[in-house]
Amino acid sequence: MTHLFKNNEHGFSIVELVISLAITLMLLGVAIRMFNVQQDAYNSQEQVTDLHQNIRTSMDAMSREIRMAGCMVVGTSTIKTSGTSTITFLGDVDGDIVTSLTTNAVAGATTIFVSLTPDSNYAIANTDYIYISDGNHTEVVPVNSSASHLVGEPDPIYLSAGLLYSYTAGSATVRTVEKITFSLDTANLRIDRNSQPLAENIEAMNFTYGTNTVTGATNTVTIAITGRTANIDLNYGDNYRRGTLTSTIKLRNQ
C-alpha cells in the first residue's frame, strides 16, 4: 500500500516576526511602566507613613516630659526658657532617684549625704536640681556642676548653694529634678540630655504658651511640629512631602 504525505506546514515570515516582536516589546514596556508607577506609589506611601510616625513619636516623647514640668519643683520658676522654638523647664520626669538623708544636714550646707547602691546604677547630671523635703520645709537647689557625685558610701551630693533649712537624717526625702531643653537644630529635634537627636527630618517646631489668669503662671504649652520625608520625591512639589502635628499639653504641676 502506498501512502502519500503532503507537507502543509508553513513558517512565519520576517514581517510577521518583526510585528510580533514589536507588539511584545510594547506590552513589556507598558508592564514595566505600570510596575514602576506602582513601585513609586508604594515607596511614596511608605515615606509618608514614616513621616507621620516620626512626628507622632516626637510629639509623644515631648508631651510626656513637658507634662511633668513642675513636678517636685518649689521655690523657683518651672519654665526657664519659653521661646517659640525652644523650651527649658524643671521637673522630676523620671523618678530615677528617690532616697533619704543618711546624715543630718544643717542650714547653709552645700553637701548632703544619701545612700544609693550600687552607685553605678545612678547618675546626677550637672544640670540637675535636688529636691529635699521633711514635710515641714521643702526646697529645690541646683547641684554643683564642678563636683563629682555619688562616689563612696554614703554618697555625697554637692550643691551650688547652701540649704535654707536644716534636715534630720532619715526624715528628709531627696529626689533629683531634671532640667530639660527641647530645641530644633537644623533639621534635628534635640533634647539636651544626650548628644543624639530625638528625631530627624523636623523642619519646624513652634511653642505657644497659655497662662493662668489668676496666678499668671504658664499652665498650657501648645506644640506644633512640622516634619518632612527623609528621601526626595521627584514627582512631588519641591521634592519633599510634609506633615504637621499640633498638641496642647496641660501642665498639671503648675
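What FRET efficiency do you get for Val74 and Ala217 if R0 is 22 Å and r is their Cβ-Cβ distance, rounded to the nearest 0.05?
On the way: r = 13 Å, r/R0 = 0.59.
Computed FRET efficiency for Val74 and Ala217: 0.95.
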I'd like the FRET efficiency for Asn188 and Asn126, computed as 1/(1 + (r/R0)^6) with the beta carbon distance as r and R0 of 25 Å, rounded to 0.05. 0.65
Rounded to a whole %, the carbon-and-sulfur portion of the accessible area of segment 69-228 at a 1.4 Å probe is 47
5 Å is the cut-off here: which amide hydrogens, built 1.01 Å from N in the peptide plane, fall below it relative to Asp155, excluding neighbours closer than 5 in sequence? Val114, Ser115, Leu116
Spin-label zone in segment 27-62 - amide nitrogen under 19 Å from a point set 7 Å from the Cα of Ser247 along the C-beta vector: 49-62
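Given an 8 Å cut-off on Cα distances and at least 6 residues of separation, report the relative contact order of segment 67-109 as a percent.
Details: 38 pairs, mean separation 15.3, N = 43.
After rounding, I find 36 percent.
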Along segment 220-234, Karplus-curve 3J(HN,Hα) (6.51, -1.76, 1.60; θ = phi - 60°) to the nearest Hz, with x for Gly and Pro, reads 9, 10, 9, 10, 10, 10, 10, x, 10, 5, 6, 10, 6, 10, 5
In square angstrom, rounded to the nearest 10, how much accessible surface does Leu17 have for a 1.4 Å probe? 90
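Taking the Cα centre of segment 182-250 as the origin, how large is its charge dipole in debye, to the nearest 20, when only Lys and Arg (+1) and Asp and Glu (-1) carry charge on their Cβ atoms? Before the final figure, lay out the partial values.
Working: 6 positive and 6 negative charges, 46 e Å.
So the magnitude is around 220 debye.
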Just to verify a number: FRET efficiency for Ser100 and Ser146, C-beta to C-beta distance, R0 = 22 Å, to 0.05? 0.30
Express in whole angstrom the spacing between the alpha-carbon centres of segment 11-74 and segment 211-245. 23
Placed amide H near Ala199: partners under 5 Å, 5+ positions off or other chain: Leu189
Relative contact order for the chain, counting Cα pairs under 8 Å that sit 6 or more residues apart, in percent: 20
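Per 0.36 nm of contour for each residue apart, how much would the distance between Asn206 and Met26 grow if the chain were fully extended, relative to their Cα-Cα spacing? Please report the intermediate quantities before stating the final value.
Details: separation 180, 0.36 × 180 = 64.80 nm, distance 5.25 nm.
That pair, Asn206 and Met26, stretches by 59.6 nm at full extension.
By the gyration tensor of its Cα atoms, with a ≥ b ≥ c the square roots of the eigenvalues, what is the shape of segment 76-131: rounded for a/c under 1.5, prolate for a/b over b/c, or oblate? Each step should come with its number before you reach the end.
Numbers: a/c = 3.11, a/b = 1.70, b/c = 1.83.
Judged from the Cα gyration tensor, segment 76-131 comes out oblate (a/c at least 1.5, b/c at or above a/b).
Which is the longest run of the chain containing none of the trypsin sites (Lys or Arg not before Pro) found in DSSP loop states (not H, G, I, E, B) with at most 12 other C-beta atoms within 10 Å? Intermediate results must be reported in sequence, preceding the final value.
Values: sites that count: Lys6, Arg252.
By the stated rule (loop sites, at most 12 other Cβ atoms within 10 Å), 7-251.
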Determine the per residue accessible area of the chain with all protein chains present and a 1.4 angstrom probe, expressed in square angstrom. 59
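The values are calculated or read from the model by the stated rules, or taken from the named source; none is laboratory data. Treat the numbers as computed from the prediction; the structure is a model and nothing was measured. Don't worry about glycine lacking a Cβ; one is built from the backbone with ideal geometry, like all the others, and counts go over all protein chains shown. Surface accessibility is based on the protein's heavy atoms, side chains included, excluding ligands, DNA and RNA. Shrake-Rupley method; radii C 1.70, N 1.55, O 1.52, S 1.80 Å.
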